[in-house]
Structures are given as C-alpha cells and as structure tokens.
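Structure first, commentary second.
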Amino acid sequence: MADIALRDVRKTYGKTEVVHGVNLDIAHGELVVILGPSGCGKSTLLRMVAGLEGITAGEIAIGGKVVNRMEPRERGCAMVFQNYALYPHMTVAENIGYAMKIAGMPKAERKEKVGKVAASLGLSEFLDRKPGQLSGGQRQRVAMGRAMIREPKVFLYDEPLSNLDARLRVAMRVEIRKLHQRLGTTTLFVTHDQVEAMTLADRIVVMNKGVVEQVGSPTDVYQRPETTYVAGFIGTPGLNLLPAVADVDAGIVTLRDGQRLAYDRGRWPDIGHGPVTIGFRAEAVSLAPNGLSGRFDFAEELGAAQLIHGTFAGETVVAHLSGSNHFSPGDPLSFRVAPSDVQLFDAETGHRLAGEVRPAAETRKATPILVKA
Ligand SMILES: Nc1ncnc2c1ncn2[C@@H]1O[C@H](COP(=O)(O)OP(=O)(O)OP(=O)(O)O)[C@@H](O)[C@H]1O
Ligand SMILES: [Mg+2]
C-alpha cells in the first residue's frame with residue numbers, strides 16, 4: 001500500500017492551472033525528492049499534501065485514507081520550511097516542545113522528550129538559547145526537532161537547506177539522510193538543487209511547469225532520462241544535446257555540419273530516418289585524433305579533472321577529462337564518444353525515442369510506478 005498517493009491532483013489559481021494532474025505513489029518509509037526549477041509547482045504540491053493549500057481536482061490519500069477534506073493537523077504530516085519559522089521569543093527547548101505543550105503533555109514528560117530529540121540533533125547545549133542566538137544550521141536543526149517531536153507519519157521538507165552555506169548544506173544533507181535511516185519516516189523533500197536530490201533521494205520526481213517529467217531512482221534519471229528536459233537538468237553538467245539526422249541503415253547520425261557519429265543500432269533497431277536529438281554525458285567524451293572536430297572555448301578546473309567546453313557543429317559540448325590539459329581559446333579539438341554512450345531523443349517532443357532495447361538486467365529493475373495524466 002502506498003503511504004502517500006496522488007491521483008490526478010490539480011491546482012488552479014484564478015484561471016491559471018499551475019499543477020496539471022500529478023499521479024504519484026510513495027511507499028511507506030520512502031524518501032522521495034521533488035526536483036524542479038523555480039515556479040514549477042513543487043511547494044504547491046507539498047502544501048496540498050500538508051493540507052495548507054486546497055486541491056482544485058483529484059485525490060490525495062495518506063496511509064490509505066483520502067485526506068482531501070481533512071484539516072492539516074489531522075493528516076499526521078510535519079513540515080519543515082526554508083525560513084524555519086521559529087518563535088523568536090521562545091528558547092530552543094520551548095520551540096521544540098511547543099506542540100507537546102499545546103497537546104497537554106505533562107511538563108516532566110515533555111522535558112524528557114525534548115531532551116532526547118535535541119540530543120539526536122546535537123542541540124543539547126543550546127536548549128536555553130533563543131533562535132536569534134543561533135547559527136542558520138542550528139536554527140534549521142531546531143525546526144527539524146520541532147517536526148520530529150510530533151513523531152509524524154510523514155515529513156514534508158520545503159527547501160530546508162537553501163539558506164545555509166555550501167558546507168553546512170552538505171553536512172545537513174547527511175544529517176537528514178541519517179535521520180531518515182534511523183526513523184524510517186515517509187518523507188517528501190522539495191528542492192531545486194539536483195545534487196541535493198541525487199544524494200538524498202530513494203526516488204526523484206522531476207517536475208517541469210506543473211507536470212511530472214520523470215520518476216525514478218537517482219541512477220535511473222541520470223542514466224536513462226526520459227526527456228531532453230530531464231537530461232539537461234540532471235548531472236553536473238547536464239547531458240550534451242545536439243540536433244542530428246539519423247540514418248537507421250548505417251547506424252549513424254549526421255550533425256548539422258555534416259560530421260557523422262555512430263550510435264548503437266542494436267539498442268535502437270528501428271528509429272527510422274530523420275531528425276533526432278542526440279545526447280551523451282560529459283564523462284563519455286574522450287579526446288582522440290580523427291574524432292569529431294571542433295574548437296576549444298574554455299576549461300573549468302575541478303582539481304583532479306577539468307570540464308572542457310568546446311563548440312562542435314555549432315553547439316556547445318562539455319567533456320569531463322581527468323588530469324590537466326592545456327588549450328587556448330580557438331584551438332582545434334577532436335573527441336570520441338562510444339556508440340553505446342549515445343542516447344537518442346525525438347527532435348520535436350524531446351522524448352526518449354521509443355523502441356529502445358534495454359539490457360535484461362535493466363528491464364527487470366524498472367518498475368513503472370507513475371502514470372502521467
Ligand atoms: N497564491 C498564489 N496565487 C497565484 N499564483 C500562485 C500562488 N502561489 C503560487 N502561485 C504560482 O504557482 C506556480 C508554482 O508555484 P510554487 O510556489 O509551487 O513553485 P516552486 O516550484 O515551489 O518554486 P520555488 O522553487 O521558487 O519555490 C508559480 O508560477 C507561482 O507563481
Ligand atoms: Mg517553492
């Protein structure tokens with residue numbers, strides 16, 4: 001049974017529909033990340049699950065019960081926001097214990113519970129401080145403590161780490177993952193940061209303009225993006241995407257400037273002739289003589305490796321190369337991509353081309369859990 005089920009959930013503000021029929025099943029104990037750019041409807045979706053926002057159409061169920069008409073407090077969700085929303089005049093202990101106080105829990109019991117939660121978040125020494133006397137990361141942990149103490153059925157996080165500096169963000173990411181391993185609470189986590197999504201999630205829901213583009217494990221969305229949108233959004237950098245024309249008989253694609261590249265015809269046996277978009281990872285590109293020719297633009301230094309930006313057939317291509325290579329802007333470059341690393345998308349719709357033959361192992365683990373409306 002799915003712990004959270006969304007059936008054709010829609011949201012309209014005035015005349016504008018901002019969430020266009022989302023279907024999603026989240027299993028008990030799963031940590032699912034909703035990922036997408038600003039304005040795509042992530043917070044709206046989360047707030048609808050929490051009950052802070054009404055739904056225009058569809059159905060939301062939590063623990064098998066339809067919650068459409070339930071008040072937020074009846075739904076068993078605890079939400080953590082980006083801006084923490086702590087009570088400034090209360091101490092850390094009072095902030096964490098507030099919900100228990102309202103619920104009428106005796107003082108001694110409350111103190112013990114607050115103590116335990118605070119200890120698990122490394123907040124024991126700050127119990128008597130006010131939020132104004134804490135760092136951003138400490139405040140964030142207080143907000144998490146306040147959610148944890150209620151022992152919710154579901155945790156909902158809305159970009160809880162985006163106010164933190166880069167190092168703290170990485171540290172808190174690990175904390176959230178550990179907390180999830182320890183408590184096993186079903187969790188929905190919203191972010192626009194794909195690295196955060198990749199490192200945290202059991203599964204990622206990639207959203208674009210109020211529509212779910214793909215649902216899958218981090219490896220799935222990285223290795224097998226369903227659309228060019230997902231392909232470009234996931235990965236640092238995103239997939240290299242170039243327009244081309246396919247020749248199915250020869251198993252090659254021709255780029256705009258006439259250069260040719262082989263793809264794996266065994267994997268895409270029947271794509272027909274005509275325009276396609278080809279994609280390949282920066283990691284799949286190697287420098288080699290007599291490959292595709294283009295020119296060097298600039299390099300991003302990563303320490304142990306470089307991201308080499310070049311122009312090929314009028315498009316930007318990024319290659320992830322180890323070591324340090326020295327080029328000057330305008331230098332000729334020649335690269336290779338193995339046919340098995342070339343992915344194919346419909347030139348018009350951006351969808352991954354149909355008819356792809358997937359290796360047996362890959363087919364077994366792929367269980368479709370989402371139906372797009
Ligand atoms: N109360 C509202 N009235 C009208 N439009 C709204 C309202 N709340 C949100 N929207 C619109 O709905 C769309 C989705 O908003 P939402 O806050 O869910 O985006 P988001 O993905 O969380 O973005 P961000 O990453 O910037 O937080 C946006 O276009 C936004 O302008
Ligand atoms: Mg938001």
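The values are calculated or read from the model by the stated rules, or taken from the named source; none is laboratory data. Everything numeric in this text was worked out from a predicted model, so none of it was measured. Don't worry about glycine lacking a Cβ; one is built from the backbone with ideal geometry, like all the others, and counts go over all protein chains shown. These accessible areas exclude ligands, DNA and RNA; they are computed on the full protein's heavy atoms, side chains included. Shrake-Rupley method; radii C 1.70, N 1.55, O 1.52, S 1.80 Å.
Restricted to the stretch 11-22, and to residues there that are open to solvent by 30 Å² or more (accessible area, probe 1.4 Å), in contact (Cβ under 8 Å) with a residue 60 or more places away in the chain and more than 16 Å from ligand 2 (Cβ to nearest atom), the residue that is nearest to LEU188 (Cα to Cα) is HIS20.
Regarding ALA50, is this residue open to solvent by less than 40 Å² (accessible area, probe 1.4 Å) and within 16 Å of ligand 2 (Cβ to nearest atom)?
Numbers: open to solvent by less than 40 Å² (accessible area, probe 1.4 Å): yes; within 16 Å of ligand 2 (Cβ to nearest atom): yes.
When the stated conditions are applied, ALA50 passes them.
Of the set (1) open to solvent by less than 30 Å² (accessible area, probe 1.4 Å); (2) part of a helix (DSSP H, G or I); (3) modelled with pLDDT of 95 or more; (4) out of contact with any Leu (no Cβ under 6 Å at 6 or more places or on another chain), all apply to ALA231 but (4).
For the stretch 136-172, filtering for residues that are in a strand (DSSP E or B) and within 16 Å of ligand 2 (Cβ to nearest atom) leaves 3. Just one of the listed residues (ARG139, ARG173, ARG167) is closer than 21 Å to MET90 by Cβ and either modelled with pLDDT under 85 or touching a helix residue (DSSP H, G or I) at 6+ places or on another chain (Cβ under 7 Å) (or both), and it is ARG139. The set of residues in the stretch 173-205 that are assigned to a helix (DSSP H, G or I) and of a type in the set (A, V, I, L, M, F, W, C) comprises VAL174, ILE176, LEU179, LEU183, VAL195, ALA197, MET198, LEU200. Here ARG73 clears all of (1) more than 16 Å from ligand 1 (Cβ to nearest atom); (2) open to solvent by less than 40 Å² (accessible area, probe 1.4 Å); (3) assigned to a helix (DSSP H, G or I) except the condition numbered (2).
Checking the condition part of a loop (DSSP other than H, G, I, E, B) and buried (at least 17 other Cβ atoms within 10 Å of the Cβ), which residue from ILE96, ILE55, ILE60 passes?
The unique qualifying residue is ILE55.
Here are some residues: PRO37, PRO88. Which one is touching a residue at least 40 places away in the same chain (Cβ under 8 Å) and under 16 Å from VAL205 (Cα atoms)? Steps first, please.
Values: PRO88 fails: under 16 Å from VAL205 (Cα atoms).
One residue alone meets the criteria, PRO37.
Would you confirm, using the coordinates I've provided, whether SER43 is open to solvent by 20 Å² or more (accessible area, probe 1.4 Å), in contact (Cβ under 8 Å) with a residue 24 or more places away in the chain, within 14 Å of ligand 2 (Cβ to nearest atom) and part of a helix (DSSP H, G or I)? Reasoning before the result, please.
Values: open to solvent by 20 Å² or more (accessible area, probe 1.4 Å): yes; in contact (Cβ under 8 Å) with a residue 24 or more places away in the chain: yes; within 14 Å of ligand 2 (Cβ to nearest atom): yes; part of a helix (DSSP H, G or I): yes.
Against the criterion (open to solvent by 20 Å² or more (accessible area, probe 1.4 Å), in contact (Cβ under 8 Å) with a residue 24 or more places away in the chain, within 14 Å of ligand 2 (Cβ to nearest atom) and part of a helix (DSSP H, G or I)), SER43 qualifies.
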